[in-house]
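Q: Have a look at this one before I ask anything.
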Amino acid sequence: ERIVNGIVKENPTFVMLIGMCPTLAVTTSAINGIGMGLSTTAVLMFSNMLISALRNIIPDRVRIPAFIVVVASLVTIVQLLIQGYVPALYSALGIYIPLIVVNILGRAEAYACKNPPLVSFFDGLGMGLGFTCSLTVIGMCRELLGAGSFFGIEIIPEQFHISILILAPGALLTLAMLSAIQNKLKLPCATNGDAPKSDLAC
């Protein structure tokens, strides 16, 4: 239930509209979207579980700093692993990897600190997979229409490329088009008022 919730009902990108900075910045290709999404998923799962396990030990007055330490430590581990083993992806994601801390902190405060570790782990998995799917879809659309390629394989001739979609404004245009399709199909969407108010506040 928590996995389906994260992918569909409370999708971080298309329903809750959080994590917009890396969403719009790194989705120039599907590979970048998958890399950023899976990095966030790994951190979300284990930070949710750790924060949930420590929720009764951490004093309330230092709750937020403690959450930041947990999340930032995991993000640093993921960043070093990507830098060491997938340097090309690290170069593409760059400064946006540390921004994972900001995106995850809200979820830790909204869910992990109020629920048991196992449920929080699966909530992190669901939210992470939802984020990964969103970034991958946006990246595929931008790469296919803007660069004429699909996972690096050129499909559309250069004269038919819509080059603006690879640039910064293209991210906003792609997100707007995908949100409009969601709206039209009556899928869970932020513009339909489906985003949980408590999470948006975080």
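The values are calculated or read from the model by the stated rules, or taken from the named source; none is laboratory data. The structure displayed is predicted, hence computed values, not measured ones. Cβ: placed from backbone, ideal geometry, glycine included. Neighbour counts: every protein chain shown. Quick note on the areas: whole protein, heavy atoms, side chains included, nothing else; ligands and nucleic acids left out. Shrake-Rupley method; radii C 1.70, N 1.55, O 1.52, S 1.80 Å.
Q: Over the chain, calculate the relative contact order: mean separation of alpha carbon pairs under 8 Å at least 6 apart, over the residue count, as a percent.
A: Value for the chain: 37 percent.
Q: Let me ask something additional. So what are the chain's ellipsoid semi-axes, whole angstrom, largest first, if each one is the square root of 5 times an eigenvalue of the alpha-carbon gyration tensor?
A: They are 31, 20, 12 Å, listed from largest to smallest.
Q: Through the Karplus equation 6.51 cos²θ - 1.76 cosθ + 1.60, θ set to phi - 60°, convert the phi angles of segment 71-77 into ³J(HN,Hα) values in whole Hz; use x for Gly and Pro.
A: Ordered by residue, 3J(HN,Hα) equals 5, 5, 5, 5, 5, 4, 4 Hz.
Q: Where does the charge balance sit around V119 when Lys and Arg score +1, Asp and Glu -1, over other residues with C-beta under 14 Å from its C-beta?
A: +2
Q: In degrees between 0 and 90, to the nearest 10, how far off the longest principal axis of the chain does helix 117-142 point, with axes built from Cα atoms?
A: 10
Q: Counting only other residues whose beta carbon sits under 14 Å from that of M177, what net charge do I get with K and R as +1, D and E as -1?
A: Result for the neighbourhood of M177: +2.
Q: For the chain, with all protein chains present and a 1.4 Å probe, just round the carbon and sulfur fraction of the accessible area to a whole percent.
A: 72
Q: 5 Å is the cut-off here: which amide hydrogens, built 1.01 Å from N in the peptide plane, fall below it relative to F150, excluding neighbours closer than 5 in sequence?
A: Under 5 Å from the amide H of F150: I155.
Q: Considering only protein heavy atoms, what per residue accessible area in square angstrom results for segment 47-202 with a 1.4 angstrom probe?
A: Result: 55 Å² per residue.
Q: Can you tell me what percent of all Cα-Cα pairs in segment 19-101 are more than 15 Å apart?
A: Taking all Cα-Cα pairs of segment 19-101, the fraction more than 15 Å apart is 58 percent.
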